[in-house]
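Student: Okay, here's the structure, questions in a sec.
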Amino acid sequence: MNLLVELENILREFPEYFDIDNQLIKGKVKEDALKMNPVLIKKLLENPITYETFFKKVDNILVFDKIEFSWILSNKSFLPSSYTRFKRRIGLVDSNGNFIKDRNDIVLSFPYKDCYLNGGQTKDEEKRKEIFFNEVLNKKEVDYLLEPKVITNYKEYGNKSGEKIENFIIKGNNLIVLHSLLPKYEGKVKLIFIDPPYNTDNDTFGYNDSFNHSTWLVFMKNRLEVAKKLLAKDGSIYVSIDYNEVHYLKVLMDEIFPNGFKREIIWRIGWLSGYKTAENNYIRNHDTILFYTMNPSDYTFNKIYNTFDDYQDRFNYKTKREITNELLKNGVSDKNTAKKLVDYISKVGLPERYPLEDTWNSSIYDKLNSIAVVSFSGEKVSKMLGTEEFKGQKPEQLLKRIIQASSNEGDIVLDFFLGTGTTTAVAQKLNRKYIGIEQMDYFDTVTIERMKKVINGQENTGITKEVNWKGGGAFATFELKNLNQNYVEEISLANENNINNLYDKIISSPFVNYKVNIEELISSKKEFEELNLAEKKKVLIEILDKNMLYVNLSEINDEDMGVTEEEKKVTKEFYGVI
């Protein structure tokens with residue numbers, strides 16, 4: 001009891017430890033004790049009883065027993081805890097009694113969080129069997145990886161006047177490309193829209209391992225953190241996702257964009273049909289779009305209203321025909337009059353305009369079906385270009401809505417999961433500048449071919465008629481100059497006939513991971529040859545220096561890197577380096 005009295009007397013010297021009702025805020029005291037608050041520790045040292053209780057000598061070093069102090073503080077015989085704040089507020093608290101919402105150090109935790117997921121997949125079929133191309137790197141191992149890179153394979157399209165190009169579509173690993181954009185675009189991008197892989201068995205996220213969920217979060221965290229640096233102060237980011245990861249992504253984005261959350265938009269995909277309707281559950285029929293801003297109160301937003309052209313038809317063609325026939329049976333004199341009555345009934349009572357809600361395609365005031373539902377329109381790239389089907393292609397109307405709401409003409413729009421090119425196509429038609437990034441192998445045959453049709457006025461789909469698009473504009477494409485990435489691509493194509501020779505080639509190169517003992521690799525070649533093909537590929541990927549996948553801008557004049565004069569020219573022009 002003497003200890004409790006003495007401890008109370010000491011704590012009474014700290015007004016901040018007591019609330020307005022004079023009750024002890026034990027969480028605050030525990031936090032200060034854990035942080036070794038020097039003023040508190042000094043007071044405890046000066047009192048003989050607290051000194052004797054909470055301090056112990058270990059090899060002549062005085063140690064403060066935080067556990068003992070915390071236990072005494074929590075003892076029911078001691079002062080009651082403050083509860084006043086709970087009269088005003090309810091919320092989750094940590095072990096120290098602090099509200100989680102008020103803490104900057106409370107974050108979503110997951111394996112590999114402080115690492116980088118390289119994510120080098122280029123083909124859909126790589127999926128589960130080529131997981132080792134998407135290696136997790138500890139941040140301590142990352143040095144050259146995220147530096148700006150040398151540009152190669154630069155091409156321009158539609159630049160008839162020879163003016164400076166402001167629109168770019170870039171082929172390559174989006175993590176590396178985003179970091180390479182920083183010197184030129186940091187703080188300048190007004191709007192980011194991304195439609196990343198949803199981490200399902202049906203998409204192209206092939207980074208499956210024992211921490212599949214966690215590696216997806218690492219993958220997204222790496223890219224969102226650098227994307228934030230590119231956003232303007234009044235910029236916005238929209239992320240399309242589904243139920244598999246949306247809730248974790250929301251928490252992750254709350255951490256990266258504090259106070260930036262604006263809306264969770266529910267986009268009803270469209271009418272249900274086929275095998276989906278047979279599922280023994282509520283039938284999934286929506287995606288989620290998370291909307292965040294850099295500044296919670298000052299951001300670009302142009303309020304959108306739907307009008308008659310945007311409203312859902314009350315009746316489909318079959319129903320209209322049935323109503324028309326029924327009117328004719330019940331005294332309406334002719335078919336034209338009956339049709340006029342049906343048209344009137346279809347619109348009567350509807351307002352001239354209706355503000356856009358955060359539930360899209362979910363009421364009579366909004367029609368925004370998915371590509372799958374309106375495939376007859378020809379907007380599918382498979383129909384436009386005569387290619388294979390692409391799951392998940394977004395309609396141009398969806399991007400039009402987002403781009404018009406959160407940017408103005410001349411602003412820069414970025415999509416670093418560009419896919420078939422919907423974002424850049426709509427940005428071009430709406431007179432925005434744009435940057436698109438895509439690493440999949442259909443870059444040239446689909447994404448660029450679609451954009452060529454857009455600027456040449458050779459497609460008549462999506463929003464083309466609505467915005468009276470006749471063609472025009474220009475864009476450039478380029479890639480990052482490969483270094484070890486060349487080896488990655490050779491490994492991916494290797495077979496049993498050439499993989500052993502590739503082993504010799506790689507271990508004799510100057511770009512092997514510094515941790516690798518070359519002499520041991522040379523002496524253990526026989527063991528390597530006994531592995532199966534997949535295991536051999538995994539070994540080769542692991543011994544490469546992942547920091548040296550591409551040639552850094554800082555090494556542009558290094559003769560060993562083989563940078564051509566043309567590559568030097570376009571690289572320096574892009575970065576503004578003289």
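The values are calculated or read from the model by the stated rules, or taken from the named source; none is laboratory data. These numbers were taken from a predicted model, which means no experiment stands behind them. Cβ coordinates were reconstructed from backbone atoms using ideal geometry, including for glycine residues, and neighbour counts include every protein chain displayed. Just the protein is used for accessible areas: all its heavy atoms, side chains included, with ligands, DNA and RNA removed. Shrake-Rupley method; radii C 1.70, N 1.55, O 1.52, S 1.80 Å.
Student: For residue 452, all conditions in the list (1) farther than 30 Å from residue 182 by Cα; (2) open to solvent by 40 Å² or more (accessible area, probe 1.4 Å); (3) modelled with pLDDT of 90 or more hold save one; what is the number of the exception?
Tutor: (1)
Student: Can you name the number of the only condition in (1) polar (S, T, N, Q); (2) open to solvent by 40 Å² or more (accessible area, probe 1.4 Å); (3) within 30 Å of residue 570 (Cα to Cα) that residue 508 fails?
Tutor: Every listed condition holds for residue 508 apart from (3).
Student: Right, another one. Quick one: residue 164 ticks every box in (1) touching a strand residue (DSSP E or B) at 6+ places or on another chain (Cβ under 8 Å); (2) farther than 20 Å from residue 223 by Cβ except a single one, so which number is it?
Tutor: (1)
Student: A follow-up question, please. Residue 479 versus (1) open to solvent by 60 Å² or more (accessible area, probe 1.4 Å); (2) among the charged types (D, E, K, R); (3) under 30 Å from residue 555 (Cβ atoms): which is the lone unmet condition?
Tutor: With respect to (1) open to solvent by 60 Å² or more (accessible area, probe 1.4 Å); (2) among the charged types (D, E, K, R); (3) under 30 Å from residue 555 (Cβ atoms), residue 479 is out only on (1).
Student: Can you go through 73, 24, 44, 34 and tell me which one is at pLDDT 80 or above and in contact with a Pro (Cβ under 9 Å, 6 or more places away or on another chain)?
Tutor: None of the others qualify; the one that does is 24.
Student: Does segment 560-568 contain at least one residue that is among the hydroxyl-bearing types (Ser, Thr, Tyr) and at pLDDT 90 or above?
Tutor: Yes, segment 560-568 has at least one match.
Student: Here's something else I'd like to know. List every residue pair whose Cβ atoms sit under 8 Å apart, with the two residues 6 or more apart in sequence or on different chains, where the first one lies in segment 192-206 and is farther than 27 Å from residue 294 by Cβ and the second, anywhere, is modelled with pLDDT of 70 or more and acidic (Asp, Glu).
Tutor: Note: pairs meeting the criteria are 200/242.
Student: Let me ask another. Based on this model, can you work out whether residue 161 counts as of a type in the set (S, T, N, Q) and not in a loop (DSSP other than H, G, I, E, B)?
Tutor: no
Student: Let me ask something additional. Residue 543 versus (1) under 30 Å from residue 577 (Cα atoms); (2) in contact with a strand residue (DSSP E or B) (Cβ under 7 Å, 6 or more places away or on another chain): which is the lone unmet condition?
Tutor: (1)
Student: Which pairs do you get when a residue that is more than 24 Å from residue 192 (Cβ to Cβ) and of a type in the set (Gly, Ala, Ser), found in segment 437-464, comes within reach of a residue that is part of a loop (DSSP other than H, G, I, E, B) and open to solvent by less than 60 Å² (accessible area, probe 1.4 Å), reach meaning Cβ atoms under 7 angstrom, with the pair 6+ apart or on two chains?
Tutor: Taking only residues 6 or more apart or on different chains, the pairs are 457/471.
Student: In segment 323-377, what residues are open to solvent by less than 90 Å² (accessible area, probe 1.4 Å), assigned to a helix (DSSP H, G or I) and within 30 Å of residue 290 (Cα to Cα)?
Tutor: 375, 377
Student: What residue, among those in segment 22-41 that are open to solvent by 70 Å² or more (accessible area, probe 1.4 Å) and outside any helix (DSSP H, G or I), is nearest to residue 79 (Cα to Cα)?
Tutor: This residue is 22.
Student: To continue, here is another question. Sort out which residues of segment 152-182 are modelled with pLDDT of 95 or more and at positive phi, and write them in order of number.
Tutor: Correct list: 153 only.
Student: Just name the residue that is most open to solvent (accessible area, probe 1.4 Å) out of those in segment 511-540 that are more than 23 Å from residue 176 (Cβ to Cβ) and touching a strand residue (DSSP E or B) at 6+ places or on another chain (Cβ under 9 Å).
Tutor: Among them, the one singled out is 518.
Student: Keeping to segment 477-522, report how many residues are part of a strand (DSSP E or B), of a type in the set (A, V, I, L, M) and either over 16 Å from residue 550 (Cβ atoms) or out of contact with any Ser or Thr (no Cβ under 8 Å at 6 or more places or on another chain) (or both).
Tutor: So the count comes out to 1.
Student: Also, quick follow-up: Please go through segment 393-443 and give me each residue that is out of contact with any Asp or Glu (no Cβ under 7 Å at 6 or more places or on another chain) and at positive phi, ordered by number.
Tutor: 410, 421
Student: Could you list, in sequence order, all residues of segment 409-446 that are among the polar types (S, T, N, Q) and either modelled with pLDDT under 95 or farther than 19 Å from residue 472 by Cβ (or both)?
Tutor: Those that are among the polar types (S, T, N, Q) and either modelled with pLDDT under 95 or farther than 19 Å from residue 472 by Cβ (or both): 420, 439, 445.
Student: Looking only at segment 231-285, count every residue that is under 19 Å from the mean Cα position of the chain (by Cα), part of a strand (DSSP E or B) and touching a residue at least 60 places away in the same chain (Cβ under 8 Å) and tell me the total.
Tutor: Qualifying residue count, segment 231-285: 13.
Student: Please work out which residue is nearest to residue 394 (Cα to Cα), limiting yourself to segment 407-447 and to residues that are within 21 Å of the chain's Cα centre (by Cα), part of a helix (DSSP H, G or I) and of a type outside the set (Gly, Ala, Ser).
Tutor: Filtering first and then ranking leaves 422.
Student: Here is a further query. Quick one: is residue 302 touching a residue at least 60 places away in the same chain (Cβ under 8 Å), open to solvent by 50 Å² or more (accessible area, probe 1.4 Å), closer than 22 Å to residue 356 by Cα and polar (S, T, N, Q)?
Tutor: It is true that residue 302 is touching a residue at least 60 places away in the same chain (Cβ under 8 Å), open to solvent by 50 Å² or more (accessible area, probe 1.4 Å), closer than 22 Å to residue 356 by Cα and polar (S, T, N, Q).
Student: If you don't mind, another one. Determine which member of the set 391, 318 is farther than 23 Å from residue 465 by Cβ and part of a helix (DSSP H, G or I).
Tutor: The match here is 318.
Student: Test residue 468 against the stated conditions and say whether it is under 24 Å from residue 262 (Cβ atoms) and assigned to a loop (DSSP other than H, G, I, E, B).
Tutor: no
Student: Have a look at 540, 553, 493, 480 and point out the one that is in contact with a helix residue (DSSP H, G or I) (Cβ under 9 Å, 6 or more places away or on another chain) and over 21 Å from residue 155 (Cβ atoms).
Tutor: 540
Student: Which of the residues spanning segment 26-41 are of a type outside the set (Asp, Glu) and closer than 16 Å to residue 65 by Cβ?
Tutor: 29, 30, 33, 34, 35, 36, 37, 40, 41
Rundown of residues vs (1) hydroxyl-bearing (Ser, Thr, Tyr); (2) at pLDDT 85 or above; (3) in contact with a Leu (Cβ under 6 Å, 6 or more places away or on another chain); (4) open to solvent by 10 Å² or more (accessible area, probe 1.4 Å), yes/no style:
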{"position": "184", "(1), (2), (3), (4)": "no, yes, no, yes"}
{"position": "190", "(1), (2), (3), (4)": "no, yes, no, yes"}
{"position": "201", "(1), (2), (3), (4)": "no, no, no, yes"}
{"position": "209", "(1), (2), (3), (4)": "no, no, no, yes"}
{"position": "213", "(1), (2), (3), (4)": "no, no, no, yes"}
{"position": "233", "(1), (2), (3), (4)": "no, yes, no, yes"}
{"position": "237", "(1), (2), (3), (4)": "no, yes, no, no"}
